[in-house]
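Q: Structure provided below as structure tokens; questions to follow.
The values are calculated or read from the model by the stated rules, or taken from the named source; none is laboratory data. Quantities reported herein were computed from a predicted structural model and do not represent experimental measurements. For neighbour counting, all protein chains shown are included, and Cβ atoms are generated from backbone atoms with ideal geometry for every residue, glycine included.
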Amino acid sequence: MKTPISASKHYIHHLLKHPKNKPSTTTHLRRLSAAPDSIQPPSQQSIITHLKTTDDWTNDANFSQQILSLSPQHLIKIATEFETSTKALKFFNFIRENPSPSLHPPPLVPIFQTVIELAIREGDYVSVLGLFNLSKELKVSLTPNSAIRLISYFARVKKVQDSVLVYDELDLDAKNTNVRNILLDLLLKFERFDDARQLLDEMLDPNARFRPNEITLHIVFPVLLRRNWDKKTDSLIGLIPKFGAHGVLPDKVSLTQLITKMCRSYKSDKAWELLCELMKFGKVEAAPCNALISGLAKERDYKKINLFLKEMKEKDIKPDIVTYGMVVNHLCKCRRVDEALDMVKRMKEGNDGISLKPDVILYNTLIDGLCKVGRQEEGLTLMKQMESEDNCVPNVITYNCLIDGFCKSGEIERSQELFDQMNNEGVNPNVITVNTLVDGMCRHGRISNAMEFFRKMQDEKGIKGNVVTYSTLISAFCNVNNIEKAMSLFDEMESIGSPDAVAYYSLISGLTLAGRPDDASSIASKMKKAGFRMDLVSYNTLIGGFCRKKKLDKAVEILKDMEENGVRADGVTYNTIISYFSQHGDFESAHKFLKQMINDGNVPTVVTYGTLIHAYCLAGNLDEALDIFEEMLISSKVPPNTVIYNMIIDSLCKCGKVEHALSLMDGMLQKGVRPNTTTYNAILKGLSSKNRLNEAFRLMDQMTNQACNPDYVTLEILNDWLERVGEIEKFRMFVQGYQVSSVA
């Protein structure tokens with residue numbers, strides 16, 4: 001990992017040959033110098049001036065002697081006055097090469113620090129690296145301050161390995177916590193996690209000389225919060241409890257953020273372990289515990305929540321109102337409202353060692369939970385209780401929850417009474433209030449009332465409504481086939497703002513069902529221009545609409561459009577197109593789309609095959625129908641059902657092929673497909689045309705044994721036939737549910 005020491009003379013020559021004439025800020029260098037800012041002796045200023053203006057001062061023996069007679073503090077002071085690293089290095093070499101009895105030892109280390117500082121300010125990487133290598137060759141120890149500056153500089157020019165080498169070459173005494181922190185920050189930024197982990201292990205060792213501090217932890221935490229989770233991240237998280245052993249603990253905000261991220265990354269178990277480890281070193285606050293509880297609640301692991309609440313109690317960590325609020329919220333979402341009510345009761349009574357007063361948010365959560373499970377009367381009682389017992393004033397959310405509950409139960413009048421009450425209490429409704437009431441009225445067939453209420457809110461309260469309001473009303477009017485009103489609302493919606501996808505979907509569906517697929521297609525075009533994407537359901541609706549209007553070419557255009565827009569057709573799409581092409585006798589197109597359906601990865605269903613078989617039967621092409629039927633029996637993963645068998649049996653009987661029909665009926669019984677009344681009616685009608693009484697009596701007994709009740713078609717077939725051949729008594733026995741084959 002270390003860089004070999006290059007020839008230092010080359011770098012010295014480079015520095016002497018190319019002086020840097022950049023001005024320096026002497027005040028800044030004085031502050032960085034280790035020398036005290038003492039009063040200069042009378043001769044010091046003249047020495048400094050001579051050093052700055054004369055290049056060959058080393059040849060002046062008298063002047064050199066004056067320099068060497070100065071104290072170490074004055075020499076350090078002089079070094080800070082140089083403007084370039086080249087001149088400062090020359091001064092350093094002079095002091096090093098001219099030992100003086102008065103300088104024991106000479107102040108080489110602080111002077112060399114000044115040289116390094118000047119070189120870094122000049123920004124010449126080659127010069128800085130040369131000075132670092134020179135320090136190793138001359139065995140001039142780097143101070144912690146020099147090390148920090150070198151590590152930071154090499155990091156700035158993206159020479160990370162040089163920074164590592166600086167640290168490796170330091171004396172142990174210089175590797176203090178500040179130096180280690182600078183290197184750690186650098187290693188983590190450049191994602192050298194193995195090296196960072198090694199450095200942290202050294203600092204976190206129980207017998208470490210230089211231990212971590214809060215800055216160390218602040219360096220590690222941002223990395224944990226911004227990185228995606230992997231094994232290296234996990235290993236860094238595992239070090240956090242070791243910081244606690246050195247008295248360094250994460251602050252509440254950072255720990256809460258980390259626990260939240262761990263839970264979102266499905267590591268709630270590790271988050272639990274981390275909190276429990278940190279609890280050993282001191283009191284963990286409620287906020288990070290709340291983050292874990294929230295994560296467990298999202299996983300619906302209420303057993304662990306209860307265990308962790310117990311752990312908090314044992315460690316004397318008091319839950320706050322947020323703790324209870326989250327648990328109550330998730331209990332209510334899981335429809336465990338009674339447990340939520342019991343928890344709030346215990347909270348108020350202090351049964352868990354802490355007594356807290358519920359706030360309006362907690363009450364609203366409970367009321368909403370009660371309304372969601374149809375217990376709105378209890379929610380209403382709780383609203384009265386929050387006012388009388390805890391002096392909590394209901395707000396618009398409280399009323400919205402109750403109004404929604406009564407609307408969903410069909411009690412529109414009660415919802416309107418609550419709306420009037422909130423107005424009387426001075427609680428202003430919002431657009432959610434309006435939307436809730438409008439939706440409730442529309443769902444229960446009061447569309448005119450909903451429209452009237454909406455207009456009233458616009459006029460009296462200035463609540464203009466939003467896309468939800470309009471989408472609800474548009475859907476409602478479409479459902480009652482009032483397309484003109486739906487279109488009018490859509491135009492109004494466009495004039496005040498952009499419709500949302502729901503509004504477009506509702507109108508497309510309504511227009512299509514109303515037999516106006518061309519208008520629906522026009523709305524679809526508007527939708528795409530507005531930046532919304534048609535979904536599969538909307539495409540299928542349009543395709544079905546055009547098929548019903550016998551505009552099969554247009555339906556195929558819509559199919560191509562959906563493919564071009566990346567919406568993959570499903571079985572419903574293809575079954576619709578295959579069905580309508582088959583009905584119109586275009587079997588070539590039907591088979592083409594059947595092949596395309598399979599190529600697209602959609603498996604033909606019994607509906608697909610049934611559509612083709614039915615169409616072939618209606619067209620009198622029984623052979624093709626039988627081919628598809630045989631394919632279903634042999635190679636298809638979709639076996640024929642009762643409906644398919646009935647189609648084939650009925651067609652065979654109509655063609656006079658009763659024996660084949662009887663054979664198929666026996667086959668369906670063997671395959672576990674139960675015949676129904678329609679099956680028997682088809683065969684009985686075929687048998688009557690051949691006057692085959694014995695087979696008819698057998699089938700009549702079979703119907704009785706299988707509890708397959710005859711319908712009016714059965715009775716009509718048998719009554720006419722048996723009366724004609726003088727077997728009316730057997731008909732009566734059959735109707736009464738008796739066996740007829742044994743009757744004389």
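Q: Any residue at all in region 69-81 that is within 60 Å of the chain's Cα centre (by Cα) and at pLDDT 90 or above?
A: no
Q: Please identify the pairs in which a residue from region 723-739 that is free of Cβ contacts under 8 Å to residues at least 24 places away in the same chain and within 14 Å of Arg698 (Cα to Cα) has its Cβ atom under 8 Å from the Cβ atom of a residue that is in a helix (DSSP H, G or I) and among the charged types (D, E, K, R), counting only partners at least 6 apart or on another chain.
A: Going by the 8 Å Cβ cut-off, the qualifying pairs are Phe731/Glu723.
Q: For Ala35, indicate whether it is surrounded by 16 or more Cβ atoms within 10 Å (Cβ to Cβ), touching a helix residue (DSSP H, G or I) at 6+ places or on another chain (Cβ under 6 Å) and either among the polar types (S, T, N, Q) or at pLDDT 75 or above (or both).
A: Judged against the criteria, Ala35 is not a match.
Q: Ok, one more. Report yes if some residue within region 691-712 is at positive phi and at pLDDT below 90; otherwise report no.
A: yes
Q: So, one more: Under 29 Å from His614 (Cβ atoms) and modelled with pLDDT under 90, is that true of Lys671?
A: In short, yes.
Q: Quick check on Leu437: is it surrounded by 14 or more Cβ atoms within 10 Å (Cβ to Cβ) and in a helix (DSSP H, G or I)?
A: Criteria met by Leu437.
Q: Condition check: in a helix (DSSP H, G or I), touching a residue at least 60 places away in the same chain (Cβ under 8 Å), of a type outside the set (A, V, I, L, M, F, W, C) and closer than 27 Å to Val248 by Cα. Does Asn181 satisfy that?
A: Taking the combined requirement at face value, the residue does not satisfy it.
Q: Does Tyr302 satisfy the condition of being surrounded by fewer than 21 Cβ atoms within 10 Å (Cβ to Cβ) and hydroxyl-bearing (Ser, Thr, Tyr)?
A: yes
Q: Still on this structure: Name the single residue, out of those in region 47-65 being modelled with pLDDT of 80 or more and out of contact with any Phe, Trp or Tyr (no Cβ under 9 Å at 6 or more places or on another chain), that is nearest to Val115 (Cα to Cα).
A: The extreme case among them is Gln65.
Q: While we're here: Among (1) surrounded by 14 or more Cβ atoms within 10 Å (Cβ to Cβ); (2) closer than 19 Å to His330 by Cα, which single condition is Gly374 missing?
A: The number of the failed condition is (1).
Q: Give me the helices (runs of 4 or more DSSP H) completely within region 484-563, filtered to those with at least 2 residues that are within 17 Å of Ile578 (Cβ to Cβ), ordered by residue number.
A: 536-548
Q: Search region 477-501 for residues that are at negative phi and among the acidic types (Asp, Glu) and pair each with any residue that is in a helix (DSSP H, G or I) and surrounded by 13 or more Cβ atoms within 10 Å (Cβ to Cβ) when their beta-carbon atoms are under 7 Å apart and the residues are at least 6 apart or on different chains.
A: Asp500/Val467; Asp500/Ser471
Q: Okay, next question. Please find, within region 386-410, the residue that is surrounded by the most Cβ atoms within 10 Å (Cβ to Cβ) out of those that are assigned to a helix (DSSP H, G or I) and over 35 Å from the mean Cα position of the chain (by Cα).
A: Looking at residues that are assigned to a helix (DSSP H, G or I) and over 35 Å from the mean Cα position of the chain (by Cα), I get Met386.
Q: Looking at Leu382, Leu307 in this structure, which one is out of contact with any strand residue (DSSP E or B) (no Cβ under 6 Å at 6 or more places or on another chain), in a helix (DSSP H, G or I), within 27 Å of Cys263 (Cβ to Cβ) and of a type in the set (A, V, I, L, M)?
A: Leu307
Q: Okay, moving on. Within region 241-257, restricting attention to residues that are buried (at least 19 other Cβ atoms within 10 Å of the Cβ) and touching a Pro at 6+ places or on another chain (Cβ under 7 Å), which residue is farthest from Arg197 (Cα to Cα)?
A: Result: Thr256.
Q: Which of the residues spanning region 493-519 are closer than 17 Å to Asp535 by Cα, surrounded by fewer than 24 Cβ atoms within 10 Å (Cβ to Cβ) and β-branched (Val, Ile, Thr)?
A: Residue satisfying the conditions is Val502 alone.
Q: Quick one: would you say Leu131 is touching a residue at least 24 places away in the same chain (Cβ under 8 Å), surrounded by 21 or more Cβ atoms within 10 Å (Cβ to Cβ) and not in a helix (DSSP H, G or I)?
A: For Leu131, the condition - touching a residue at least 24 places away in the same chain (Cβ under 8 Å), surrounded by 21 or more Cβ atoms within 10 Å (Cβ to Cβ) and not in a helix (DSSP H, G or I) - is not met.
Q: Which residue pairs have Cβ atoms closer than 9 Å, lie 6 or more positions apart in sequence or on different chains, and pair a first residue in region 264-277 that is free of Cβ contacts under 8 Å to residues at least 40 places away in the same chain and of a type in the set (A, V, I, L, M) with a second residue that is exposed (fewer than 15 other Cβ atoms within 10 Å of the Cβ) and assigned to a loop (DSSP other than H, G, I, E, B)?
A: Sorted first by the residue in region 264-277, then by its partner, the pairs are Leu274/Gly238.
Q: Those residues that are polar (S, T, N, Q) and surrounded by fewer than 17 Cβ atoms within 10 Å (Cβ to Cβ), I need them from region 450-478; list them, please.
A: Scanning region 450-478 gives Gln458, Asn466.
Q: Can you tell me which residue is nearest to Leu402 (Cα to Cα) among those in region 438-465 that are among the hydrophobic types (A, V, I, L, M, F, W, C) and either touching a Phe, Trp or Tyr at 6+ places or on another chain (Cβ under 6 Å) or at pLDDT below 90 (or both)?
A: The extreme case among them is Val438.
Q: For region 346-356, state whether one or more residues are in contact with a helix residue (DSSP H, G or I) (Cβ under 7 Å, 6 or more places away or on another chain) and either assigned to a helix (DSSP H, G or I) or closer than 24 Å to Asn423 by Cβ (or both).
A: Yes, the conditions are met somewhere in region 346-356.
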